[in-house]
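The values are calculated or read from the model by the stated rules, or taken from the named source; none is laboratory data. Since the model is a prediction, treat every value here as computed from it, not as a measurement. Using ideal geometry, Cβ is built from the backbone for each residue, glycine included, and neighbour counts are taken over all protein chains shown.
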Amino acid sequence: MLYQAYELTHAALTPYRALSQMAQYINSSIYNPVAYTPFGKSVSAFCNVFNTVTKRYGKPEWEISETERQGKTVPVDIETVLCTPFGDLINFQKTQSAKRAATDPKVLLVAPLSGHYATLLRGTVKAMLPDHDVYVTDWRDARSVPLSIGKFDLEDHVETIIDFIRFLGPDVHVIAVCQPSVSVLAAVAVMAQNDDPCQPKSMTLMGGPIDTRINPTAVNSHAQTHDISWFKQNVITRVPFPHMGVMREVYPGFVQLSGFMTMNLDRHMDAHMDLYNHLVEGDGDSETQHRAFYDEYLSVMDLPAEFFLQTVQSVFLDHALAKGTMTHAGRKVDPGAIAKTALMTVEGEKDDICGVGQTGAAHGLCKNLSASKKLEFIQPGVGHYGVFNGRRWRDETQPKIAAFIRANS
């Protein structure tokens, strides 16, 4: 009933949203004298904020049509190169007239499958694009996948990443952003155990929960205080009609979003009060910055229930990969088998979701990887989001990753 209640609430708000949009239009019209008064500006600002908070957010656009290369503007086309039932592999392709140089490393960015769309990595892609051939895993919203397609669990996630790596070939470098760090490390370990010829040249794990026993955060503690049955009873529901994935069990995006926001509720409330004040004052730049962030932040997708529950059990409750008990296709996953793929870990000093040391634990697990193929980096002054986005990512973190990739090409 959780999903149905959400849909009914959204439907019930529709007439109020329509009235609010009308009031906003009237009180901001250049032909209405009231629009220039404090009262008109306040009403328009209030309606604007109400509409922002209550509207349904779809999948954002990438908004990447060009990049800089050697001081010149180069057009970029986004092409889907491989389709799977639960996600696509897309390539940010420099057009034929300005093909990438043969020395540009091929990079697979594995986006989080944890609520937000892959477009959350827009800033990550923009920073990597000038000097790399960039591919991204574009995971599909589970509510749009018909039940007849079947399940998608943690093992399927690992297998899909292996398929993407094999598709791109042995010269690829893999970067896992946050949550998929566990799956990427497991995928590379499985490939090493199988002596797969397509083992990637390097893998970079960024802010990922490899071992959540180290420096646990509030997120880790919350998971530890509930057993898996609690999660199944309280956050798992079925997709309602008329979505294509009707009757599929999911962890809904709106439930995830409520969890994200309650962690820093005061900050989000202050941000929307600031938006109201900026609208009243006519501060367009601040309004644009607010919308750019929240249009992405409030866009969420549903996760397959089996994937979410297995991730909670394996990563946060059992610490399976860290303890050496994780299995894939009936065989234990052994990161110690990795000897060809160089490893870099990136963590944020102020990360309140994935504590410092949790990602770095991967170095201890890859015990047979030579020291010359390992690099550990902690970015000072950034939180979880700043690990892969923002000014310090562009100016400090990304150049270090690019140099590591070049050194292992």
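General remarks:
- Against the test of being buried (at least 20 other Cβ atoms within 10 Å of the Cβ) and under 30 Å from GLU155 (Cβ atoms), the options THR359, THR325 yield a single qualifying residue, THR359.
- Any hit, the stretch 220-230, residues being of a type in the set (Asp, Glu) and either modelled with pLDDT under 95 or not in a loop (DSSP other than H, G, I, E, B) (or both): yes
- Each residue in the stretch 301-320 was checked for being under 21 Å from the mean Cα position of the chain (by Cα) and either part of a helix (DSSP H, G or I) or among the small types (Gly, Ala, Ser) (or both), and 12 of them qualify.
- Only one of GLU376, GLU347 that is surrounded by 21 or more Cβ atoms within 10 Å (Cβ to Cβ) and either on the phi < 0 side of the Ramachandran plot or at pLDDT 95 or above (or both): GLU347
- With respect to the conditions (1) touching a Leu at 6+ places or on another chain (Cβ under 7 Å); (2) assigned to a helix (DSSP H, G or I); (3) within 26 Å of GLY360 (Cβ to Cβ); (4) of a type outside the set (Gly, Ala, Ser), PHE167 lacks only one, and its number is (3).
- Residue that is nearest to PHE152 (Cα to Cα), among those in the stretch 54-87 that are modelled with pLDDT under 85 and surrounded by 13 or more Cβ atoms within 10 Å (Cβ to Cβ): TYR57
- Among all positions in the stretch 190-198, there is no residue which is assigned by TED's automatic domain parsing to the domain that holds HIS363, part of a helix (DSSP H, G or I) and of a type in the set (D, E, K, R).
- Residue match in the stretch 22-40 (condition: within 20 Å of the chain's Cα centre (by Cα) and either β-branched (Val, Ile, Thr) or surrounded by fewer than 19 Cβ atoms within 10 Å (Cβ to Cβ) (or both)): no
- Members of the stretch 202-253 found to be among the small types (Gly, Ala, Ser) and loosely packed, with under 15 Cβ neighbours inside 10 Å, listed by number: ALA218, SER221, SER229
- Meets criteria (part of a helix (DSSP H, G or I), touching a His at 6+ places or on another chain (Cβ under 8 Å) and either polar (S, T, N, Q) or within 20 Å of TYR57 (Cβ to Cβ) (or both)) for ARG143: yes
- Residues satisfying the stated conditions in the stretch 378-409, i.e. in a loop (DSSP other than H, G, I, E, B), within 19 Å of HIS132 (Cα to Cα) and more than 17 Å from the chain's Cα centre (by Cα): ASN408, SER409
- Residue selected from the stretch 195-234 under the condition free of Cβ contacts under 8 Å to residues at least 60 places away in the same chain and within 25 Å of ALA111 (Cβ to Cβ), by the criterion nearest to the chain's Cα centre (by Cα): HIS222
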